[in-house]
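*Asks:* Below is one structure. I have some questions about it.
No lab work stands behind these numbers, since they all come straight from the coordinates. Just so it is clear, the model here is predicted, and its values are computed rather than measured. Please note: Cβ atoms are built from the backbone with ideal geometry, for glycine as well, and neighbour counts cover all protein chains shown.
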Amino acid sequence: MEVVELNHPLIEHKLAILREEKTGTKEFRELISEIAMFLCYEAMKDVKLKKTVIKTPIEEMTTGKLEEDKYAFVPILRAGMGMLDGVITVVPNAKIGHIGMYRDETTFEPVNYFFKVPKGIEKREVFLLDPMLATGGSACDAIDLLKSKGVKKINFLCIISAPEGLKAVSEKHPDVKIFTAHIDRELNKNKYICPGLGDAGDRIFGTK
């Protein structure tokens with residue numbers, strides 16, 4: 001499995017603000033969206049463009065254009081919704097699906113409650129969105145759901161990841177490419193990423 005970590009001073013700077021306990025909901029939400037946009041740029045740097053002839057104010061030229069209809073973004077609810085604005089800024093005509101999951105606070109296992117994806121999802125390259133890759137349980141379950149619909153190419157985009165989550169996904173789905181802004185140290189006994197940034201969903205939506 002290929003894991004791409006964004007090593008850039010500006011990303012580290014933005015992550016530092018994101019991680020701070022004192023960072024408010026508005027700024028936190030904006031930073032999640034902005035970092036998601038950078039992740040999307042990195043994830044799409046090798047996509048194939050369609051050759052197209054255009055006319056500039058000076059002359060005609062042959063260039064490349066993205067076939068946006070070939071792509072879909074699928075956030076894992078609810079925290080993944082915080083990344084959606086950033087990625088659709090990059091590919092505004094991509095289709096959008098949703099996977100609803102929450103973590104059982106006793107077993108720490110993901111519980112699925114909603115799954116809806118665009119028609120023809122099996123023909124598209126899918127970008128799965130979730131700010132945190134902790135145990136990898138939600139990511140693996142979401143990938144299972146997408147593959148059950150016939151999706152062949154899946155990329156997982158996350159803001160913060162833990163080694164335990166990367167290992168879990170790599171063992172179960174080695175064909176999925178992961179793009180992360182930072183790989184953190186470990187999970188604590190409550191399965192939160194350390195040093196992490198807390199509960200991304202609560203901080204995005206101001207629910208705690």
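*Asks:* Run the numbers for Val111 and Thr207: contour at 0.36 nm per residue of separation, minus the present Cα-Cα distance, in nm.
*Replies:* So the chain would gain 32.6 nm between Val111 and Thr207.
*Asks:* Additional query: Filter the trypsin sites (Lys or Arg not before Pro) in the range 1-76 to those in DSSP coil with at most 10 other Cβ atoms within 10 Å of their Cβ, and list the result.
*Replies:* Numbers: sites: Lys14, Arg19, Lys22, Lys26, Arg29, Lys45, Lys48, Lys50, Lys51, Lys55, Lys65, Lys70; in loops: Lys22, Lys45, Lys48.
When the trypsin sites (Lys or Arg not before Pro) of the range 1-76 are filtered for loop state and at most 10 Cβ neighbours within 10 Å, Lys22, Lys45, Lys48 remain.
*Asks:* Let me ask something else about it. Efficiency by 1/(1 + (r/R0)^6): what FRET value for Lys167 and Ile58, r their Cβ-Cβ distance, R0 = 35 Å, to the nearest 0.05?
*Replies:* My answer for the efficiency is 0.05.
*Asks:* Another question, then. What percentage of all Cα-Cα pairs in the chain are separated by more than 21 Å? Write out the running numbers ahead of the final one.
*Replies:* Values: 11246 of 21528 pairs.
The calculated P(r) of the chain puts 52 percent of pairs beyond 21 Å.
*Asks:* Follow-up. Between the range 155-197 and the range 8-22, what is the C-alpha centre distance in whole Å?
*Replies:* So the separation of the two Cα centres works out to 18 Å.
*Asks:* Let me ask something else about it. Grab the Cα-Cα distance for Glu122 and Glu20, subtract it from 0.36 nm times how many residues apart they are, and report the gain in nm with one decimal.
*Replies:* Full extension from Glu122 to Glu20 adds 32.8 nm.
*Asks:* Next up: What GluC sites (Glu not before Pro) does the range 58-107 have in DSSP loop regions with at most 10 other beta carbons within 10 Å? If you can, show how the numbers build up before the last one.
*Replies:* Working: sites: Glu59, Glu60, Glu67, Glu68, Glu105; in loops: Glu59, Glu67, Glu105.
Passing sites in the range 58-107 are Glu59, Glu105.
*Asks:* Between Glu68 and Glu12, with labels modelled 7 Å along Cα→Cβ, what's the label distance in nm to one decimal, could you check?
*Replies:* My value for the distance between the label points is 3.5 nm.
*Asks:* Multiply the residue separation of Glu30 and Lys153 by 0.36 nm, subtract the distance between their alpha-carbon atoms, and state the gained length in nm to one decimal.
*Replies:* Contour length minus Cα-Cα distance gives 41.4 nm.
*Asks:* With everything on Cα atoms, drop me the angle between helix 163-172 and the longest principal axis of the chain, reported from 0 to 90° to the nearest 10.
*Replies:* 60 degrees
*Asks:* Where the eigenvalues come from the Cα gyration tensor of the range 89-208, what are the semi-axes √(5λ) of the equivalent ellipsoid, largest first, in whole Å?
*Replies:* Sorted largest first and rounded, they come to 24, 16, 15 Å.
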